[in-house]
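Trainee: Got a structure for you, questions after.
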Amino acid sequence: MSLIPFGFWAASGGGAAGSYDLLETTTLTVDAASVSFDNLISTYGSDYKHLQIRSIVRSDRPGSDGYLQMRFNLVASTSYAYHNLNGTGSNVSSTAQTSQDSMRIANASIPGTAATSNAFGAVVTDILDPFLASKNTTVRSLAGVASSWNYINLNSALFNSTAAVDEITIFAVGSDLVSASRFSIYGIKG
Amino acid sequence: MPTPTYELLHSTTLASPASSITIGSIEGTYGDLILELSYIPDAPALKPYLTVNSDTGANYNYVLMRGVGGTEVSASRSNENYIFLNENGIGSGEIATSKIQISDYSSTDKHKSMLITAFRVSGNVQATAGRWASTAAITSITLTGGSFEIGTTANLYGVSK
């Protein structure tokens with residue numbers, strides 16, 4: 001077995017067998033306000049260095065586009081910052097926010113109720129060193145959708161806390177995540 | 001219980017030039033597919049594109065953003081017959097790479113979403129979100145669009161869900 005275990009930009013590389021493990025998957029059978037992965041420190045903290053979440057998502061937000069957000073440790077204060085580099089289908093733009101109550105890991109790239117039927121947004125999110133308590137935790141993601149609404153974005157985010165990440169919560173802004181959306185979390189050894 | 005994944009399903013290294021590369025008989029036991037390409041065009045310039053399940057109908061949609069040394073471009077395409085990996089094309093003798101990630105490729109309840117990153121060593125970087133407008137499971141992937149030179153590699157991985 002040959003592995004290229006980490007990073008959506010990686011074009012080549014390798015690693016030892018068993019460096020990239022599926023930890024948990026949630027596939028929604030009914031609409032839900034959020035999806036969470038918890039008890040991460042005690043369950044995975046000693047075995048893995050990085051985490052990756054691979055998502056395929058649709059929301060019930062009215063309109064064509066939606067936003068996917070993420071929080072750590074149930075912290076909903078102004079502890080987050082993020083940047084988005086966006087391709088809108090007609091131009092390239094960037095946005096940035098500080099002192100936010102969550103991180104944006106998919107910017108306008110989650111289909112809403114008016115988007116093409118059966119279209120889902122794809123999101124690949126890397127969480128770097130989530131179990132290190134000596135530095136703030138950083139996140140990067142690549143997200144996109146091609147439907148009646150088109151958007152692609154490369155995102156970076158910061159959890160302005162040195163606390164190790166024990167719980168991850170993912171939600172769509174002002175809407176539910178709809179049935180058939182899927183979230184899988186992977187551990188990457190260091 | 002953690003499950004080791006990211007398994008190599010197929011590996012090709014071209015020993016002679018080829019006008020296309022097809023990876024068939026893809027089993028449906030994984031959640032996502034990741035296809036890593038490192039390709040070298042033969043003259044004339046290569047403009048590789050992707051189709052799945054031998055479908056050349058107008059069922060492909062994509063949006064891209066690209067940086068070309070000081071110029072940024074975004075465009076969207078609807079009802080196309082394929083998805084370009086790099087719309088700028090690759091010049092003869094250059095080396096380019098692409099990573100194609102297909103989510104829930106074996107599902108039958110959603111269209112197939114793709115995230116593609118492409119790098120042309122002397123030219124540009126591009127990210128693309130694509131959709132194949134079908135709920136059919138993907139069982140084959142074909143890359144076409146010119147001539148792939150000796151040394152081109154295509155490695156397909158399966159990621160469990």
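Trainee: Is there a pair in A:LYS49/A:LYS135; B:LYS99/B:LYS161; A:LYS49/B:LYS110 whose C-alpha atoms are over 21 Å apart, and which pairs would that be?
Mentor: In this structure, A:LYS49/B:LYS110 exceed 21 Å between Cα atoms.
Trainee: I need the shape label for the protein assembly as shown. Rule: rounded when a/c is under 1.5, else prolate if a/b > b/c, else oblate, with a, b, c from the alpha carbon gyration tensor. Walk me through the numbers on the way to the answer.
Mentor: Working: a/c = 1.57, a/b = 1.39, b/c = 1.13.
The shape class here is prolate.
Trainee: Quick one: grab the alpha carbon gyration tensor of segment B:24-78, order the square roots of its eigenvalues as a ≥ b ≥ c, and give me rounded if a/c is under 1.5, else prolate or oblate depending on whether a/b is larger than b/c.
Mentor: Values: a/c = 1.76, a/b = 1.48, b/c = 1.19.
In terms of gyration-tensor shape, prolate.
Trainee: Hey, another quick one. State whether segment B:9-159 is rounded, prolate or oblate according to the following rule on the C-alpha gyration tensor (a ≥ b ≥ c being the square roots of its eigenvalues): a/c under 1.5 gives rounded; otherwise a/b larger than b/c gives prolate, and the remaining case gives oblate.
Mentor: On the way: a/c = 1.79, a/b = 1.24, b/c = 1.45.
Judged from the Cα gyration tensor, segment B:9-159 comes out oblate (a/c at least 1.5, b/c at or above a/b).
Trainee: Ignoring the sites themselves, what is the longest stretch of chain A with no trypsin sites (Lys or Arg not before Pro) in a DSSP loop and at most 16 other beta-carbon atoms within 10 Å?
Mentor: Values: sites that count: A:LYS49, A:LYS135, A:LYS189.
That gives A:50-134 as the longest site-free run.
Read-outs throughout are calculated quantities, based only on the coordinates presented, and are distinct from any laboratory measurement. Remember, predicted model here, so these are calculated numbers, not experimental data. Please note: Cβ atoms are built from the backbone with ideal geometry, for glycine as well, and neighbour counts cover all protein chains shown.
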